[in-house]
Each structure stands twice: as structure tokens, then as C-alpha cells.
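Beneath this line is the structure, given in C-alpha cells, with notes to follow.
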Amino acid sequence: MRFCDLIVKKRNGQKLSEEEIKSMIKEFIEGKIPDYQMSAMLMSIFFTGMSNNEIKYLTMAMVNSGKIINLSSIPGIKVDKHSTGGVGDTTTIALAPMVAAAGVPVAKMSGRGLGHTGGTIDKLESIEGFKTELSIDKFIKIVREVGISIISPTSDLAPADKKLYALRDVTGTIESIPLIVGSIMSKKIAAGADAIVLDVTTGSGAFMKEYKDALKLGKIMVDIGLELEKEIVAIVSNMDEPLGFAIGNSLEVKEAIEVLKNRGPEDLRNLCLELGSYMLKLGGVVKTPEEGRNKLIKIIEEGKAFNKFKEIVMAQGGNLRVIENPELLPLAKYCLKIKADKSGYIQKIDSQLIGESAMILGAGREKKESEIDLSVGIVLKKKVGCKVGTGEDLAEIYYNNSKKLKEAKKKLLSSFTISNKKPKKSPLILATISGQGIKEFL
Ligand code: URA
Ligand code: CA
């Protein structure tokens, strides 16, 4: 069948067979399907969707476009974690060391930031010397010795996702449930963990703006994980305002260190404890998530979580002094305070606009090949529900280049909605999804 006929088939809402999906991914990777045809296919999928079976075939075809990492030489149940993306979301950097300190090995591959969302790998690179591009052998060795390693995916891990993601990013086809599931689950399956905890974000800073879409996305990912014999839990979390106060690479490392030191913002800490409690449960070191949560709180209080972070920094070549003295992290030259022009309650903080504002400052990439500035970003002084007086600080902008400051400031200001009524704050954790079903907390 000509590939054009397959595009028409999908465009008309018909189902593709396993063979058709397999050959599509194989030929795309081999360069036999040009980007313009694949773009049309992606847009057809975006509009007509895919059945659960088609999504499973797509995921497996993407897994098989590269290598599957064998983690069997690491003792214990290896648990992976993935977020569908957020703003100011430094969860992994705080969460992974606490989980490792609790005795669950964490072999984590993380991404770089793109568009308005940040990426763990960029953030970690703001620690002087920290290496994120390691061989798989070295990665496994560190997990065996330290219990944790976080690296950038090697080029042979689900290469179909790299090629497809780049195309989706420039063709308006990111926010498609089948394509997000294929992208995330193929990477998770290829990365070789036994169990997976997913953070499915929803709200203004997430790809799934609507809660019901996030729930659907989480449910499909859990179903596919279960079918592929992975233990899996998904949490739907609220990304209607940025997580924590800091947005920007080195600023977020500082914030993660705060959480590891038993301080730090409440929402970020709570999300870590929630995701972590399930990681401990799936990792077999506790019987219930509640027990997991208490164990993590104790580990943080005893300083073991922060010590584990120091161990990973050392193992990956980072400068320990920077972790012990976070003021040594790169910090932008200038700081501008953004003040409220009226009084009231903070009703809304549009995370996407904040993410875009940080990107304009240089914290994120507009294009894949853009250079980023690890030292710039935004620190919020008020979150949703806070009272604010006229002239009071809403946020601080850390910047090096005043050329784009005006644009960033305008976006940042427009992200805040202030009004007289005290807003009803929705919970941070909206639902959990597992083999046992869905629990909602709304
Ligand atoms: N994160 C991913 O890795 N892939 C997506 O498609 C969306 C978020
Ligand atoms: Ca943050």
C-alpha cells in the first residue's frame, strides 16, 4: 500500500492494522517517508484519534525502533517516573533522591525543555560539572553503586519518538492523546524499568488543559502499561499554576534542594510525597502508599534524601560545593520586581504564559537547537489564593539581557488575574489511576 493511501485511511477515521503501523514507523525511521507525508499522518491521527489497540501497536513499533535497556543486573524492582510536562516542575530532582534513599533503585532518563515547559536534564546541567550524557554501562554502574542515576536518553532509545516529536512540535500535533501515549510509553518501556509512576498534568500549564482529557490520557497509559506487564500507577495533578515558586533552570535546582532539606514549597513537596509514595509501593519497600509517604517524610527529616542527592551529584561529576552552597549556582546579573497594579486575591496564574515568559528570558528553547541561559528565570512571590495589595511584589524576573525584558514582563504580568473574591482552590492531586480503577478527589 502506498503511504498516501494510509494517510487517507486514517484521515477518514478508519483503523490501521498492526502491520501498517509497524511498517509506517520502520519506513519513517529509514527515511523512506518524507516529513510532509508524516506530518499529514500526524494531523490525521490528531483529528480522528486511534483505538486502544492502534495506540498499543504504535507504542510497540516505537519501542522497537531502537534498543530496550536491560536493567536486570541491578538488584530490586526498578521504578521509573514520568511527567506529561509542566511549568516550574522540578519534581524529579527532589523526588528521585528521596525514593532512592528509601531503597528503591531509580534508573531515570529525563528530557530537555522545549517550548514553555522545562526539562530535568537542562536543570541538572546548571550544577557545574554534572554530566548527563553517560553510556548505558556507566548509567547502570551508578545505579548499582549509588541507587540512582539520571541521564539524557541515548540516541538508540526509541529513536522514532525523537523524530516524531520534532515533527509534532512544528506541526501543531503535540496535544494528541494517542501521540502522547506512544511518545511517553515507548520511552518508558524501552528504558527497561519494572514499574512506572506517571504524573499526568492538567490545567493552564499542561498539554491537557481539560481534566477529563488528562483522565483519559492517564487511563490509556495505565491500560497499555498493564497489558505490557508493567506495574503502573498514574496520578492526575493540577498544573493550573506553576509548581513551587521558581521557574528557570538553576532557580529550580535551588528549589529542589530546599525540598530535599525539609523546607521548600508545599505543593512541590506534596507532589513529590504523593508520587514517591506510589514509587515505594510499586518498588515493594512498603505495603501501602500511606506507609510510603511516612517513610519519605522521615527520610527527608533525617537528611538522607539530601545526602542521596549529594551522592548522585558526585557520581555524575558535579561540584558538591555548589549543592552545599546553592548561592554558587548560576544566577542572572539583574533582578526586576514585578508589582501588583491593584489589590485583591490572586485568582489565577496562567502557567503557560509564565513558561513562555521564562522562555523569552532564555530559560527555555524556542527551537530544538536554541541555546538556553541556565541562570535566568522567574520567582513567584504570590500564588493562587494569596491576598495582594497595590504595589506589592507579585514576582521577580532574573535576567541578563534587557532586550527582551519588556516582552517577558508583559507576559508575566498578564499571567496574573487579581479580583476581590477569594478563589476556591482545587486540590493538587485530582485523581489516581491504577489496575484497581480510578479514584477522584474533586
Ligand atoms: N512528554 C513526552 O515525552 N512526550 C509527549 O508527547 C508529551 C510529553
Ligand atoms: Ca518550581
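Observations on the model:
- Scope the stretch 172-190; condition buried (at least 24 other Cβ atoms within 10 Å of the Cβ) and part of a loop (DSSP other than H, G, I, E, B); matching residues: none
- Being in a loop (DSSP other than H, G, I, E, B), in the same structural domain as Thr92 (by TED's automatic domain parsing) and either open to solvent by 10 Å² or more (accessible area, probe 1.4 Å) or farther than 21 Å from Met60 by Cα (or both) is true of Asp156.
- Lone qualifier among Leu243, Leu226 - being closer than 26 Å to Met185 by Cα, surrounded by 24 or more Cβ atoms within 10 Å (Cβ to Cβ) and of a type in the set (A, V, I, L, M, F, W, C): Leu243
- Which numbered condition Lys403 misses (of (1) open to solvent by 40 Å² or more (accessible area, probe 1.4 Å); (2) more than 16 Å from Ile247 (Cα to Cα); (3) at pLDDT 95 or above): (3)
- Residue identified as modelled with pLDDT of 95 or more, more than 15 Å from the chain's Cα centre (by Cα), within 16 Å of ligand 1 (Cβ to nearest atom) and open to solvent by 50 Å² or more (accessible area, probe 1.4 Å) among Lys216, Lys212: Lys216
- Residue satisfying condition, being closer than 27 Å to Ile299 by Cα, open to solvent by 10 Å² or more (accessible area, probe 1.4 Å), within 16 Å of ligand 2 (Cβ to nearest atom) and in contact (Cβ under 8 Å) with a residue 60 or more places away in the chain, within set Gly85, Gly103: Gly85
- Any hit, the stretch 253-272, residues being away from ligand 2 (no atom under 14 Å from the Cβ), open to solvent by less than 60 Å² (accessible area, probe 1.4 Å), under 28 Å from Ala363 (Cα atoms) and part of a helix (DSSP H, G or I): no
- The stretch 7-19, residues that are touching a helix residue (DSSP H, G or I) at 6+ places or on another chain (Cβ under 6 Å) and part of a helix (DSSP H, G or I): Ile7, Lys10, Arg11, Glu18
- Some residue of the stretch 220-232 being assigned to a strand (DSSP E or B) and either over 18 Å from Asp89 (Cβ atoms) or out of contact with any strand residue (DSSP E or B) (no Cβ under 7 Å at 6 or more places or on another chain) (or both): yes
- Pair list, Cβ < 6 Å and 6+ apart or interchain, from the stretch 336-355 residues that are under 22 Å from Ser426 (Cα atoms) to residues that are part of a helix (DSSP H, G or I) and not small (Gly, Ala, Ser): Leu353/Lys411
- Test: residue in the stretch 242-264 that is under 21 Å from Thr202 (Cα atoms) and within 16 Å of ligand 1 (Cβ to nearest atom): yes
A quick yes/no check of all residues on (1) surrounded by fewer than 17 Cβ atoms within 10 Å (Cβ to Cβ); (2) part of a helix (DSSP H, G or I):
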residue	(1), (2)
Ile312	no, yes
Val322	no, yes
Ala332	no, no
Ile338	no, no
Ile354	no, yes
Ser357	no, yes
Ile360	no, yes
Ser370	yes, no
Asp373	no, no
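- Lys141 more than 18 Å from Ala206 (Cβ to Cβ) and either open to solvent by less than 10 Å² (accessible area, probe 1.4 Å) or at pLDDT 95 or above (or both): yes
- Residue in the stretch 195-206 that is at pLDDT 95 or above and over 24 Å from Tyr278 (Cα atoms) present: no
- Pick from the stretch 341-352, criterion touching a helix residue (DSSP H, G or I) at 6+ places or on another chain (Cβ under 9 Å) and part of a loop (DSSP other than H, G, I, E, B), ranking: least open to solvent (accessible area, probe 1.4 Å): Asp350
- Residue check for Phe28: surrounded by fewer than 20 Cβ atoms within 10 Å (Cβ to Cβ), of a type outside the set (Asp, Glu) and more than 22 Å from the chain's Cα centre (by Cα): no
- Within the stretch 47-60, being touching a helix residue (DSSP H, G or I) at 6+ places or on another chain (Cβ under 7 Å), open to solvent by 10 Å² or more (accessible area, probe 1.4 Å) and either in a loop (DSSP other than H, G, I, E, B) or of a type outside the set (Val, Ile, Thr) (or both) holds for Gly49, Met50, Asn52, Lys56, Tyr57.
- Helices (runs of 4 or more DSSP H) completely within the stretch 90-146 that count 3 or more residues being over 24 Å from Glu356 (Cα atoms) and either assigned by TED's automatic domain parsing to the domain that holds Ser370 or out of contact with any Ser or Thr (no Cβ under 6 Å at 6 or more places or on another chain) (or both): 91-101, 136-146
Each row is one residue, and each column tells you yes or no for (1) farther than 19 Å from Asp194 by Cα; (2) modelled with pLDDT of 95 or more; (3) away from ligand 1 (no atom under 16 Å from the Cβ); (4) aromatic (Phe, Trp, Tyr).
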| site | (1), (2), (3), (4) |
| --- | --- |
| Asn64 | no, yes, yes, no |
| Lys67 | no, yes, yes, no |
| Val79 | no, yes, yes, no |
| Thr84 | yes, no, no, no |
| Thr92 | no, yes, no, no |
| Ala100 | no, yes, yes, no |
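- Residue match in the stretch 191-203 (condition: open to solvent by 10 Å² or more (accessible area, probe 1.4 Å), of a type in the set (A, V, I, L, M, F, W, C) and away from ligand 2 (no atom under 16 Å from the Cβ)): no
The values are calculated or read from the model by the stated rules, or taken from the named source; none is laboratory data. For clarity, every value in this text was computed on a predicted model and none was experimentally measured. Reconstructed Cβ throughout: ideal geometry from the backbone, glycine too, with neighbour counts over all protein chains shown. Ligands, DNA and RNA are stripped out before the accessible areas are found, and what is left, the full protein with its side chains, is counted by its heavy atoms. Shrake-Rupley method; radii C 1.70, N 1.55, O 1.52, S 1.80 Å.
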